[in-house]
Amino acid sequence: MVPIAQQKIDLLEVSVYATRKEMGQAAADLGAARIRELLKERESVNIILGSAPSQLELYAALLTSGLDFGRIHAFHMDEYLGLAPDAPQGFGNYLKEHLFQHVGFRSVHYINGQADDPAAECARYAALLEAYPPDVIFEGIGENGHLAFNDPGVADFHDPARVKISNMDEVCRAQQVHDGCFASLEEVPRQAVTLTIPQLTPPEATLVITVPGPTKAQAVYHTLCGPITEACPASILRRHPHATLVLDRDAAANAGLVKV
């Protein structure tokens, strides 16, 4: 895929593609290339995946990438608390539908959003992530600039935890309605389990951040053009040594990267 614009902003590589499909293919190619490099040196690789409609083009491209999924351990980065186990909005269920059920990963580790003791579930998942430190992280950016469910007001660039319970803000909850996951704001859960900012941005991992669509244009602007601050959690990506932000034209529209 040939980008229509490229720029480095602080440490963050930014590439813009004309369409969502090209964006997703480019993001998958980037992540798959790093996974293949690592598999030349070791038996298995650990990845973390975001769960959202913004990632669908990425999932589709990964499925046709020819990766040896049988050597990949997979994790997801957040999960609602309190949804029914079979709820389609559950992020584990979403990833299973669009990715995990189609190929055979070496292992898939789900966050249990129905756990009787959410704090204990955070500790359990944190221990797994410590045992399987991420090599490649595929993630997105929320309309309020969040990473996973680290919303403004909750995000902590120096969070001591790997996994925590997050109170979701109204902008974040409204995004779930905009994405078509819930019919109304009242249906969206108010709490979730989320990986923290340090767990989503470890300096030794490769980050591939895929962000399409006009509803993300303002968040992309603040991520790239504003101060690096927890008021826009995604702005921390500009300090990461191995991160690439992959956009479509619509998401890049406000950041001065392309002519509109």
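A Förster distance of 41 Å, applied to the separation of the beta-carbon atoms of V258 and A84, puts the FRET efficiency at 0.45. Approximating the spin labels as points 7 Å out from Cα along Cα→Cβ, the K21-to-I9 distance works out to 2.8 nm. Candidate cross-link partners of K216 among the aspartates and glutamates, defined by an alpha-carbon separation under 13 Å and a same-chain spacing of 8 or more, comprise E143, D179, D248, D250.
Relative contact order, whole percent, for the chain stands at 26, derived from Cα pairs under 8 Å and 6 or more residues apart.
When GluC sites (Glu not before Pro) are flagged only if DSSP places them in a loop and at most 11 other Cβ atoms lie within 10 Å, the longest unflagged stretch of the chain comes out as 44-203. Rolling a 1.4 angstrom probe over the protein heavy atoms with all chains in place gives the chain an accessible area of 42 Å² per residue. Between A131 and H102, residue separation times 0.36 nm minus the direct Cα-Cα distance comes to 7.9 nm.
The relative contact order of region 44-144, computed from alpha carbon pairs under 8 Å that lie at least 6 residues apart in sequence, is 40 percent. The portion of the accessible surface of region 86-201 made up by carbon and sulfur, rounded to a whole percent, is 49 (1.4 Å probe; DNA, RNA and ligands excluded). Only beta bridges with both residues in region 101-230 are counted; by DSSP, about 60 percent of them are antiparallel.
Computed on protein heavy atoms with a 1.4 Å probe, the accessible areas place K164, K21, K8 in the order K21, K8, K164, largest first. L63 to A119: FRET efficiency via 1/(1 + (r/R0)^6), r the Cβ-Cβ distance, R0 25 Å, to the nearest 0.05? According to the calculation, E is roughly 0.10. Computed extension gain for E204 through R190, at 0.36 nm per residue and net of the alpha carbon distance, reaches 1.8 nm. H242 exposes around 100 Å² of accessible area when a 1.4 Å probe is run over every protein chain in place.
The values are calculated or read from the model by the stated rules, or taken from the named source; none is laboratory data. A quick note: this is a predicted structure, and the numbers were derived from the prediction, not measured. Reconstructed Cβ throughout: ideal geometry from the backbone, glycine too, with neighbour counts over all protein chains shown. Heads up: the accessible areas ignore ligands, DNA and RNA and are worked out on the full protein's heavy atoms, side chains in. Shrake-Rupley method; radii C 1.70, N 1.55, O 1.52, S 1.80 Å.
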